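Working notes, beginning with the structure itself.
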Amino acid sequence: MTQIPVQATPPGGSIVGDKPWALPPHQSYKIINARLIDPVEGKVTDGAQITIVNGQFDSVSFGAESRDKPSNATIIDVQGKYVCPGLIDGHVHVTATPGESDLKDTYKNIPASMNNFRTAFLVKEMLQRGFTTARDCGGADSSLKDAIREWLIPGPRLLISGHALSQTGGHGDQRPFFNDEDPTLKCCAGHRSGIGRICDGPTECSVAVRDEIRKGADFIKIMGGGGVASRLNNLGHPQFLSEEIQAMTRTAASFDTYVTAHAYTIRAMRHMIDNGVLGIEHGNFIDRRLALEMAEKGIFLTPTLVTYDALRTPPYDQFLNESCAKKNLEVLGSGLEAIKIASEAGVTLCYGSDLLAGMHKFQRREFTLRSEVQSALEILRSATINCARMLCMEDQIGQIKEGFLADLIVLDRNPLEDITVLDDKSNLLAVVKDGYVAFSKLERLPVTIEKDPW
């Protein structure tokens, strides 16, 4: 019998299993005449020279400290423009997409394939706003995360929670009240409803955590209290029993990750913190006593003022009925004071938007809203080094520093003088993620994520 030799590399250089969408090898760059923004020191240094090799910052030098560039590096003279670390949004829902007139239909009741196509549009827009990393708090799965990592879909680097976990009747239970489904008959920790997943009892809760991590979750998100858009539960009601929360926090810890909780009121936040949760999403009714405890325990707080502001902006105010609109005004009114209290107490605050549907376009408005009670440096840190710590990536992102991933944005104006420049798209000149140019208005720095036809 004649054996046919195996040809490892077919003509043309392709192999079985090729990913033709993969980008070409990284270009090397030397960015010169930059004004470097340092969120750690809170300062701008003129005359910076930044070398990028293989998608990482190879060196950062100033003036006479300049090192020789790699032989194949392209010189990019930014002519005194500001270079800032790529932005991080610590609370997004990238699968809650535009295109429907009902809020729930943004993430359910539409074909999954259509939702995927819309998500591809949404994440590309997010990257082009300057957000090079995002933490998805319910909805995104590992396939989307991998597609972005491979540049099949341009978007911010994603860290995901998978489905957000909810008790029956909780904020993540989106079934209508007339649904008479018997909750005791649900299978394997898990009626799934859009961005949420229902689990009850310590065993189911533990299984749900393990299953979400099995499917690629980087952390766990739970619904710890009522929500603005929840028609069936109150903002003040804490959700899950102590033993259920402890089952989830202990299970997550066994995988070296953490649980963060959606919670607005002191009662709900206290219930979460007492049972091992390490992050609070929203936290609009925090008081000084709880804030001091959160600071002492190192618990992160991710406020999301812009989503309430967007929900009162026509036409998106039509998403809420009268009861939900009233709750929205309550949390919006207390949100700025909550940020002020938490900041003064030393809580680590992270940037979050929590936008749904067509409201994603307001993602940058959070910078402007927070400027009423925080300094420009505090807000910039929330969208860089603070989020990087929360994501356990403080040695990889959030700074322009040797050995870090090459994520940066080029700005026309200095955000440390006026943070609202980040809310003005005209000031954004270029976005680089992983050393690839994803967006650029600079002729000398062309986009590199577009490929010729295969």
**OP:** Assess whether residue 106 counts as being under 24 Å from the mean Cα position of the chain (by Cα) and polar (S, T, N, Q).
**Re:** yes
**OP:** Specify which of the listed residues (137, 205) is under 21 Å from the mean Cα position of the chain (by Cα), at pLDDT 95 or above and in the same structural domain as residue 355 (by TED's automatic domain parsing).
**Re:** 137
Original post:
How about region 81-129: which of its residues are outside any strand (DSSP E or B), in contact with a Lys or Arg (Cβ under 8 Å, 6 or more places away or on another chain) and within 18 Å of residue 438 (Cβ to Cβ)?
Top reply: 81, 86, 125, 127, 129
Original post:
For residue 433, are the conditions met, namely being buried (at least 17 other Cβ atoms within 10 Å of the Cβ), of a type in the set (Lys, Arg) and either at pLDDT 95 or above or under 25 Å from residue 161 (Cβ atoms) (or both)?
Top reply: yes
Subject >> Condition check for residue 404: over 23 Å from residue 283 (Cβ atoms), modelled with pLDDT of 95 or more and surrounded by 18 or more Cβ atoms within 10 Å (Cβ to Cβ) >> reply: yes
Original post:
Can you name every residue in region 385-407 that is within 16 Å of residue 50 (Cβ to Cβ), of a type in the set (A, V, I, L, M, F, W, C) and touching a Leu at 6+ places or on another chain (Cβ under 9 Å)?
Top reply: 397, 400
Subject >> Residue list for region 195-251, filter: surrounded by fewer than 18 Cβ atoms within 10 Å (Cβ to Cβ) and of a type in the set (Ser, Thr, Tyr) >> reply: 203, 242
Subject >> Neighbours by Cβ (under 8 Å, 6+ apart or cross-chain): first from region 257-269, in the same structural domain as residue 354 (by TED's automatic domain parsing); second among the hydroxyl-bearing types (Ser, Thr, Tyr) and surrounded by 19 or more Cβ atoms within 10 Å (Cβ to Cβ) >> reply: 258/249; 259/249; 260/161; 260/302
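Quick check on this structure: which one of 359, 294 is at pLDDT 95 or above, buried (at least 21 other Cβ atoms within 10 Å of the Cβ) and farther than 26 Å from residue 140 by Cβ?
Numbers: 359 fails: farther than 26 Å from residue 140 by Cβ.
Selected residue: 294, the only one of 359, 294 that is at pLDDT 95 or above, buried (at least 21 other Cβ atoms within 10 Å of the Cβ) and farther than 26 Å from residue 140 by Cβ.
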Original post:
Tally time: how many residues in region 388-418 are of a type in the set (A, V, I, L, M, F, W, C) and out of contact with any helix residue (DSSP H, G or I) (no Cβ under 9 Å at 6 or more places or on another chain)?
Top reply: 10
Original post:
in the same structural domain as residue 152 (by TED's automatic domain parsing), at negative phi, in contact with a Pro (Cβ under 8 Å, 6 or more places away or on another chain) and crowded, with 23+ Cβ neighbours inside 10 Å - does that describe any residue in region 413-422?
Top reply: no
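Can you name the helices (runs of 4 or more DSSP H) wholly within region 360-420 that have at least 1 residues being touching a residue at least 24 places away in the same chain (Cβ under 8 Å) and of a type in the set (Phe, Trp, Tyr)?
The helices (runs of 4 or more DSSP H) meeting that bar are 365-370.
So, of the residues in region 137-172 that are hydroxyl-bearing (Ser, Thr, Tyr) and surrounded by fewer than 23 Cβ atoms within 10 Å (Cβ to Cβ), which turns out to be nearest to residue 243 (Cα to Cα)?
Only one residue tops the list, namely 168.
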Original post:
Can you tell me which of 348, 368, 384 is in contact with a strand residue (DSSP E or B) (Cβ under 6 Å, 6 or more places away or on another chain), surrounded by fewer than 24 Cβ atoms within 10 Å (Cβ to Cβ) and not assigned by TED's automatic domain parsing to the domain that holds residue 423?
Top reply: 348
Subject >> Condition check for residue 341: in contact (Cβ under 8 Å) with a residue 40 or more places away in the chain, over 30 Å from residue 78 (Cβ atoms) and either of a type in the set (Ser, Thr, Tyr) or in contact with a helix residue (DSSP H, G or I) (Cβ under 7 Å, 6 or more places away or on another chain) (or both) >> reply: yes
**OP:** Considering every residue within region 261-268, establish whether at least one is over 21 Å from residue 245 (Cα atoms) and buried (at least 23 other Cβ atoms within 10 Å of the Cβ).
**Re:** no
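Does residue 337 satisfy being surrounded by fewer than 21 Cβ atoms within 10 Å (Cβ to Cβ), charged (D, E, K, R) and within 20 Å of residue 258 (Cβ to Cβ)?
In short, no.
The values are calculated or read from the model by the stated rules, or taken from the named source; none is laboratory data. Worth saying up front: this structure is predicted, and the values here are computed from it rather than measured. We place every Cβ from the backbone using ideal geometry, glycine too, and count neighbours over all the protein chains shown.
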